[in-house]
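Input: a single structure, listed below in structure tokens.
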Amino acid sequence: MNRTWIILGATSAMARAFARKVSQEGAGVLLAGRDMEDLATLAADCRLRGARMAEALAFDARAPEGFAAIIARAEAEEGEINAAVFVGSMPEQGATDADPALVDGVIADSHTGPARFLHMLAPLIEARGTGTVVGVASVAGDRGRIGNYVYGSAKAGFATYLSGLRNRLTRAGGHVVTVKPGFVDTAMTWGLPGLFLVAAPGHVADDILAAVAKRRNVIYTPFFWRYIMLIIRHIPEALFKKMKI
Amino acid sequence: MLWKTADYAGWGRALVARGEIARPERQSTLAALLAEGLAPAIGMRRSYGDAALNGGGRVIDMTRLDRFRGFDPETGILDVEAGARIGDIAAAFAPRGWLPAVMPGTGLATVGGCIGQDVHGKNHHNVGSFCQHVVSLTLRSARGVVEVTPDRTADLFRATAGGLGQTGVILSARLRLLPRRGDVMVVTERRVEGWDEFLALLDASQATYTVGWIDATARGAALGRGILEEGETGSGLLPKRGQARRVPFDAPRFALAGPVVRAFNTAYYRRVPETGRTVVKPIADFFFPLDKIHDWNRLYGKRGFHQFQCVVPVAEAPALRAMLEEIAGSGLASPLAVLKRMGPGRAGHLSFPMEGYTLAVDFPNRSEARELIRGLESETLSARGRLYFAKDSLARGTDVAAMYPELAAWRKLVARADPEGALATDLVRRLSLRSAT
Ligand SMILES: Cc1cc2nc3c(=O)[nH]c(=O)nc-3n(C[C@H](O)[C@H](O)[C@H](O)COP(=O)(O)OP(=O)(O)OC[C@H]3O[C@@H](n4cnc5c(N)ncnc54)[C@H](O)[C@@H]3O)c2cc1C
């Protein structure tokens, strides 16, 4: 089957690993993001690794007027249209505390921008009767913590959106996979203190592809984060509010 | 965060540095970092010693800048970012009929690292060194971004090939790949009973790829016994490939103790039937046999290990034999040692290769071993041979200066490319490569 993946936030390390793997399987990739020079390099890389087609497209989660063009480009491809959403931003909580206006940007990047995009895409998936949306949420969305609760709340909202979208697309033959990565070894986490069990982006990409193939609903990657978060979610709020984790 | 402070080591783990590391994922981030000031680039740190270390300073880890930028199937020229790994290139292009012309013994080495050490492969006697197949490279030096080619900017090219990152940060390179006959390796393995036979077989080998595994613990009449492997690309049926394994912890000291190594080596030697055999292997198994065990350097325990590698001219073969005798007599050598015949091919002022024989042996990081290696280094010098910067962690600057006659020419060019000395690494300082001692 002719497969196309729209990859939002394609310049991130996780997205790059994912784009390469679907390219090796011969899919077409529409690489969307802001750094066009970087995306052009990635597009060449994907073609040389086996992508049927690879193009760089401009995407800014905060500028929804650009979304329609990406969807139109995808629509021009025959067969199955899929989307993987890797966008999100996480300024240091201290920076947000100093400038509350930053909250809007984090929520636009991690929740409202992607949600609006997927809402525009959903009719196309329904019309084709097939297609998978991969939404990258975060373990940070499972519970608000002092260190990054603005980001966490945006990802929590996005996860809830994905759950509803899954409910909708399932009826039309589509599917949604919610991915909750733990610590991944990317530019976003480079040099952050207190990280443990950091996963390679390629490992996360493998987990995502396996989840797509098996039509899993919600995955944690690496898998053990499911248990870590199970514990964290069950700490009574009376206790949790005093903890610093 | 762009910079993180960390302890990091070379592959041998005997030398460690503490300093700041950045690992940009985009060229725009790299450009911004370098606008703050030049810093040495590092690859996968597969150099054993301190070539990729800059204690107290900064380094730029290039491994996330690893994309294929373009490929011309007419000429076989691949344009690739410097952080791409050789094994990745082989895996992606072998099915299409191409292989990197030169591949070191680990597929995890990056293109930038292979240029920085002008590495050699099992086919050095036929095709020369890595940089002899570099058509051009893009270098960010103190003067900005420049295109470097072996003909139009010959001086800078000769300073950069094998130049240990001292002329600038290599951003990308255009490599001429070699066409290959099939997507597997057809390998002939035969037992070699001793030193003289080994040299004769290496000299006579007509194969595209030739490498000798030596049992560096065998003594007396068995001195220099081993296995000669000759390989050709070809087609055939492949056995199923196993999963990569990982060494999850630092091994205890006894893991590589003398008797264990001797027993292992004997078994390894006998594995090949007396009459020899021909086997079909996946390309990666032949070129990168050790990559199947991730983090195998941990087998040597926390204190790490050293690799001694030298090359001596053909006429000095007896000196090399004497070194092997000492190594075997010491009982300190680790499982496998490698003996190869090198051709004259080299591309840079500080490139390691010379026509002759090269021997590489691993030793645990212990004082007896360090002493032995120091002795071997002096013998290398008297045999008019040289040591390999990719492996060295114990040499003396004065010895090295005598081994690399083009050092003065290199120094001049490097001083122009990096006048402030911002690119110096621990190795460069230890051996006073950039300043006369
Ligand atoms: C198991 C094993 C087998 C090996 N077999 C062989 C062999 O058969 N033949 C052989 O020749 N070598 C061999 N080596 C050595 C290895 O090929 C070299 O050390 C090579 O340089 C490693 O590449 P790297 O990416 O890890 O580079 P690093 O070790 O990280 O760096 C090597 C040098 O290159 C410089 N450098 C790296 N990237 C850049 C860049 N982008 N711009 C400028 N400078 C840069 C660094 O500053 C440093 O001086 C082997 C090593 C191992 C571990």
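The values are calculated or read from the model by the stated rules, or taken from the named source; none is laboratory data. Quick caveat: nothing in here was measured; it's all calculated off a predicted structure. Ideal geometry is used to build each Cβ from the backbone, glycine not excepted, and the neighbour counts take in all protein chains shown. Quick note on the areas: whole protein, heavy atoms, side chains included, nothing else; ligands and nucleic acids left out. Shrake-Rupley method; radii C 1.70, N 1.55, O 1.52, S 1.80 Å.
Residues that are within 12 Å of another protein chain (Cβ to nearest Cβ) and open to solvent by 10 Å² or more (accessible area, probe 1.4 Å) were ranked within region A:1-12; the one that is farthest from residue A:188 (Cα to Cα) is A:11. Taking region A:24-39 as the range and being over 15 Å from residue B:69 (Cβ atoms), within 14 Å of another protein chain (Cβ to nearest Cβ) and not hydrophobic (A, V, I, L, M, F, W, C) as the test, the residues that pass are A:24, A:25, A:26, A:33, A:34, A:35. For region B:46-79, give me each residue that is under 27 Å from residue B:92 (Cβ atoms), over 23 Å from the mean Cα position of the chain (by Cα) and away from chain A (no Cβ under 14 Å). Result: B:74, B:75. Take the residues in region B:124-136 that are buried (at least 22 other Cβ atoms within 10 Å of the Cβ) and not in a helix (DSSP H, G or I), then tell me which one is nearest to the ligand (Cβ to nearest atom). Among those residues, the one meeting the criterion is B:129. A single member of B:380, B:358, B:425 is of a type in the set (Val, Ile, Thr), in contact with an Asp or Glu (Cβ under 7 Å, 6 or more places away or on another chain) and open to solvent by less than 10 Å² (accessible area, probe 1.4 Å), and it is B:425. Taken over region A:40-63, residues that are open to solvent by less than 20 Å² (accessible area, probe 1.4 Å) and either at the interface with chain B (Cβ under 10 Å from one of its Cβ atoms) or not aliphatic (A, V, I, L, M) (or both) amount to 6. In region B:365-387, the count of residues that are acidic (Asp, Glu) and within 14 Å of the ligand (Cβ to nearest atom) is zero.
Being within 16 Å of the ligand (Cβ to nearest atom) and surrounded by fewer than 21 Cβ atoms within 10 Å (Cβ to Cβ) is the requirement here; does residue B:415 meet it? No: the conditions fail for residue B:415. Among the residues of region B:96-110, are any outside the structural domain of residue B:387 (by TED's automatic domain parsing), touching a Pro at 6+ places or on another chain (Cβ under 9 Å), more than 11 Å from the ligand (Cβ to nearest atom) and of a type in the set (Lys, Arg)? There is at least one residue in region B:96-110 that is outside the structural domain of residue B:387 (by TED's automatic domain parsing), touching a Pro at 6+ places or on another chain (Cβ under 9 Å), more than 11 Å from the ligand (Cβ to nearest atom) and of a type in the set (Lys, Arg).
Residues in region B:349-379 that are within 23 Å of residue B:434 (Cβ to Cβ) and in contact with a Lys or Arg (Cβ under 7 Å, 6 or more places away or on another chain): 4 in all.
Find the helices (runs of 4 or more DSSP H) located wholly in region B:265-383 whose residues include 1 or more that are touching a Cys at 6+ places or on another chain (Cβ under 8 Å), and list them.
Details: elements: B:283-287, B:317-330, B:367-382.
It comes to B:317-330, B:367-382.
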